[in-house]
Amino acid sequence: MHYQQLAQAYDEIEKISGNLEKIRIFADLLKEATPSEVDCIIALTMGKLHPDWKGEPELGVAEKMAIQVVAAAASIPESSVTDTLRKTGDIGSTAEELLQESAQATLFTEDLTISMVYNTLDNVARISGSGSNKEKIAKLVSILTDAQPIEARYILRTVTGSLRLGLGDMSIIDALSLAYTGDREARSDIENAFNVCSDLRKVARVLAENGINSVKKIHTEVGVPIRMMAAKKLSDATEILEKVGKRALVEYKYDGERIQAHKNGNDITLYSRRQEIITDQYPDVVELMKNHIKAKSCVLEGECVAIDPETGKTRPFQELMRRRRKTDIKKMQEEVPIALYIFDILYLNGKDVTELPMLERRKLMEETVEINDRVNLTTAELTEDPDRLYEIFKDAIGSGYEGVIAKAVHKDSKYQAGARSWLWIKLKASYTEGLADSADLVIVGALYGRGKRTGLYGAILASAYDDMTDTYPTVCKIGTGFTEDMLAEFKERLEEHIVEIKNPKVISDIEADVWFEPVEVIEVLGDEITVSPTHPAGRNRMKVEGGLAIRFPRFTGKWRDDKNPTQATTVDDLIEAFERQRGINQ
Ligand code: ATP
């Protein structure tokens, strides 16, 4: 298939606002592609050459390099590219416009195919070492020489991570279902397979090659991360118990880093919440897995927390992150020792156990984990009494934990990979202190500080993630409550993410002084969620007019390095919380 066909489909998809129509166009395109082309199309459309957990190099071409590439391809000075970029606000359209103008100069070009584009980009990503930038630029220029202007538009957007089609993972899954089964009924089977193997490319290829029945056979494997299950939140113990089905296993909520540990004999791999391999960061966890887990093969999930070496008591999340950022792991291992609290088991000795109810899984954990002062199961108690749930919560807070997670124990209380469902409900101190909620937001822009804050950022513009459209609409501007250290850290961390032109995935009515690539995630507390004319999150998706904003937002000081931006609070989460809040206030 020619890349031009994909570029034209992108162009059509971009112009249409209706999600169903976008899905249909994309499905029609998939129908015409061979299985290996489908594989490449999915990768290019998701803007990821490989799943994160494979640890393969990704593109991430910075704005500066993209300008150099376009300048070289169009044989014009970089300053002319920058001028056009300021005008169009998008590197893709800039390339299209400038290459169109220089098109007459190109006498002979080769038609680009989808696999040529994919393979070239993959090769570019793999170039490393000294002089690599030059080589990368040369390769990208060579592909642009063969590109039609519309193709250049999408190649540039793909390499800079600014493709904005409005097709999130869930829409891609819908399109796959439509293309290969004729309707959208198979979406849950496709989604399940994705949750289990964390590789939508692979699912798409199996589907295109062998059909939906083969997709249903994709199962849990040791060494392949499973998309993590997440918890909903509520603030009332009675409601929590109603939602989980009367009885709950109430567990302390530890404040550390979630780890999915895969053990195959003595071969241990640890995955983070972002599905990155973090085995080298935690040699102590590797040792615990080798010596205190009585299974030939298994997949366990637990929270890794920093502990005080003298008392064995848990220490705050920030301590653990301090350790994570240091390269001298050996030294840090002594300075910040850890303990691992296991809360789930997904695979045991050749069998997928995610379908078993919670208490059966808990029993398997008890049989598998050899408890000592560094590895244990989470503190947990079964109850159906709201007063008791509240007492456990208070004990947890009193002992320095974040709160509790109440887990369903009924016959369908399976491990629901990739889902944030009512099977797990968290109750944290902030919810009961009258603070509506905490949200994990993506920093997208900043306003310069004045007076004492000159030279620093005075306010931060933060967004939620919209997984329907794969965009980052703003939800608040945070300008108060910063300590000097926080301001310094903003400056230090954000500097490297500055872009001249706002990434098109960032949706904002507010003009920031500086824009950032949507990369850094922070925890923000707010008083309530309100309807706002200024913030676009959820606009046109609710009965009320306007978007949603977080009122009186303040930064808690917690950088969510364990989350990638697509794991931030979603627009759907905010809409749900807003509806709930309205229900309570009415
Ligand atoms: P939060 O910001 O509240 O930690 P989150 O968005 O990071 O939420 P959720 O999935 O909503 O994550 O909440 C569950 C998180 O709590 C898990 O990802 C895990 O890291 C942590 N956790 C701590 N203790 C437990 C426990 N006993 N059972 C499950 N998860 C736990």
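The number of residues in the stretch 391-418 being β-branched (V, I, T) and within 11 Å of the ligand (Cβ to nearest atom) comes to 2. Taking the conditions (1) of a type in the set (S, T, N, Q); (2) within 16 Å of the ligand (Cβ to nearest atom); (3) modelled with pLDDT of 95 or more in turn, N264 satisfies each one other than (2). Taking the stretch 150-177 as the range and being outside any helix (DSSP H, G or I) and farther than 19 Å from E12 by Cβ as the test, the residues that pass are T160, G161.
Inside the stretch 235-259, can you point out the residues that are of a type in the set (K, R) and within 14 Å of the ligand (Cβ to nearest atom)?
Let us first name the residues in the stretch 235-259 that are of a type in the set (K, R), namely 243, 246-247, 253, 258.
Hits for the stretch 235-259 are K253, R258.
Picking from L44, L20, L6, L30, which residue would you name as being surrounded by fewer than 16 Cβ atoms within 10 Å (Cβ to Cβ) and over 17 Å from T471 (Cβ atoms)?
Criteria check complete, one pass: L20.
Residues that are within 16 Å of the ligand (Cβ to nearest atom) and either in the same structural domain as R323 (by TED's automatic domain parsing) or touching a helix residue (DSSP H, G or I) at 6+ places or on another chain (Cβ under 6 Å) (or both) occur in the stretch 285-298; there is at least one.
Output the residue which, of all residues in the stretch 320-338 that are in contact with a helix residue (DSSP H, G or I) (Cβ under 9 Å, 6 or more places away or on another chain) and within 20 Å of N376 (Cα to Cα), is surrounded by the fewest Cβ atoms within 10 Å (Cβ to Cβ). Ranking the candidates gives Q333 first. Within the stretch 419-440, being modelled with pLDDT under 85, away from the ligand (no atom under 12 Å from the Cβ), out of contact with any Asp or Glu (no Cβ under 7 Å at 6 or more places or on another chain) and not in a helix (DSSP H, G or I) holds for E433, G434. The sole residue among K216, K202, K233 that is crowded, with 18+ Cβ neighbours inside 10 Å and at pLDDT 95 or above is K202.
For the stretch 515-569, filtered to residues that are in a strand (DSSP E or B) and among the polar types (S, T, N, Q), the residue that is nearest to the ligand (Cβ to nearest atom) is T556. Being in a helix (DSSP H, G or I), β-branched (V, I, T) and closer than 20 Å to E209 by Cβ, is that true of even one residue in the stretch 18-39? Yes, the conditions are met somewhere in the stretch 18-39. Scanning the stretch 386-419 for residues that are of a type outside the set (A, V, I, L, M, F, W, C), surrounded by 15 or more Cβ atoms within 10 Å (Cβ to Cβ) and more than 27 Å from A193 (Cβ to Cβ) returns P386, R388, Y390, E391, Y401, E402, G403. Taken as a whole, the condition of being more than 15 Å from the ligand (Cβ to nearest atom) and either farther than 25 Å from M321 by Cβ or not charged (D, E, K, R) (or both) applies to L494. Put simply, of E221, E239, E251 the only residue that is part of a strand (DSSP E or B) and either acidic (D, E) or at pLDDT below 95 (or both) is E251. So which residues in the stretch 381-412 are more than 29 Å from the chain's Cα centre (by Cα) and not in a helix (DSSP H, G or I)? The answer is E381, L382, T383, E384, D385, S399, H410, K411.
Only one entry of A462, A439 meets the criterion of being touching a Leu at 6+ places or on another chain (Cβ under 8 Å) and either farther than 30 Å from K394 by Cβ or free of Cβ contacts under 8 Å to residues at least 40 places away in the same chain (or both), and that entry is A462.
With respect to the conditions (1) surrounded by 17 or more Cβ atoms within 10 Å (Cβ to Cβ); (2) at pLDDT 95 or above, N123 lacks only one, and its number is (1). If the condition is being of a type outside the set (A, V, I, L, M), touching a residue at least 40 places away in the same chain (Cβ under 8 Å), surrounded by fewer than 19 Cβ atoms within 10 Å (Cβ to Cβ) and touching a Ser or Thr at 6+ places or on another chain (Cβ under 7 Å), then the stretch 264-283 contributes only N264. Evaluation of A7 against the conditions (1) within 22 Å of Y180 (Cβ to Cβ); (2) touching a residue at least 24 places away in the same chain (Cβ under 8 Å) shows that the sole unmet condition is (1).
S142: buried (at least 20 other Cβ atoms within 10 Å of the Cβ), part of a helix (DSSP H, G or I), modelled with pLDDT under 95 and not charged (D, E, K, R), yes or no?
Considered against the rule, which asks whether it is buried (at least 20 other Cβ atoms within 10 Å of the Cβ), part of a helix (DSSP H, G or I), modelled with pLDDT under 95 and not charged (D, E, K, R), S142 comes out as no.
Considering only residues of the stretch 453-482 that are among the charged types (D, E, K, R), in contact with a helix residue (DSSP H, G or I) (Cβ under 9 Å, 6 or more places away or on another chain) and away from the ligand (no atom under 16 Å from the Cβ), which is modelled with the lowest pLDDT?
R453
Every listed requirement among (1) of a type in the set (S, T, N, Q); (2) farther than 17 Å from G55 by Cα; (3) more than 15 Å from the ligand (Cβ to nearest atom) is met by T314 save one, (3).
Please indicate, with yes or no, whether at least one residue in the stretch 332-350 is in a loop (DSSP other than H, G, I, E, B) and more than 31 Å from the chain's Cα centre (by Cα). Scanning the stretch 332-350 turns up no residue that is in a loop (DSSP other than H, G, I, E, B) and more than 31 Å from the chain's Cα centre (by Cα). Among the residues examined, R184 qualifies as assigned to a loop (DSSP other than H, G, I, E, B), more than 14 Å from the ligand (Cβ to nearest atom) and more than 16 Å from the chain's Cα centre (by Cα). Note on the stretch 482-527: residues that are surrounded by fewer than 17 Cβ atoms within 10 Å (Cβ to Cβ), over 14 Å from I460 (Cα atoms) and in contact (Cβ under 8 Å) with a residue 40 or more places away in the chain total 2. None of M365, M358 is in contact with a Lys or Arg (Cβ under 7 Å, 6 or more places away or on another chain) and either within 16 Å of the ligand (Cβ to nearest atom) or farther than 30 Å from N192 by Cα (or both) except M358.
The values are calculated or read from the model by the stated rules, or taken from the named source; none is laboratory data. Predicted model only: the values in this text are computed from it and were never measured. Note that each Cβ is placed from the backbone with ideal geometry, even for glycine, and that neighbours are counted across all protein chains shown.
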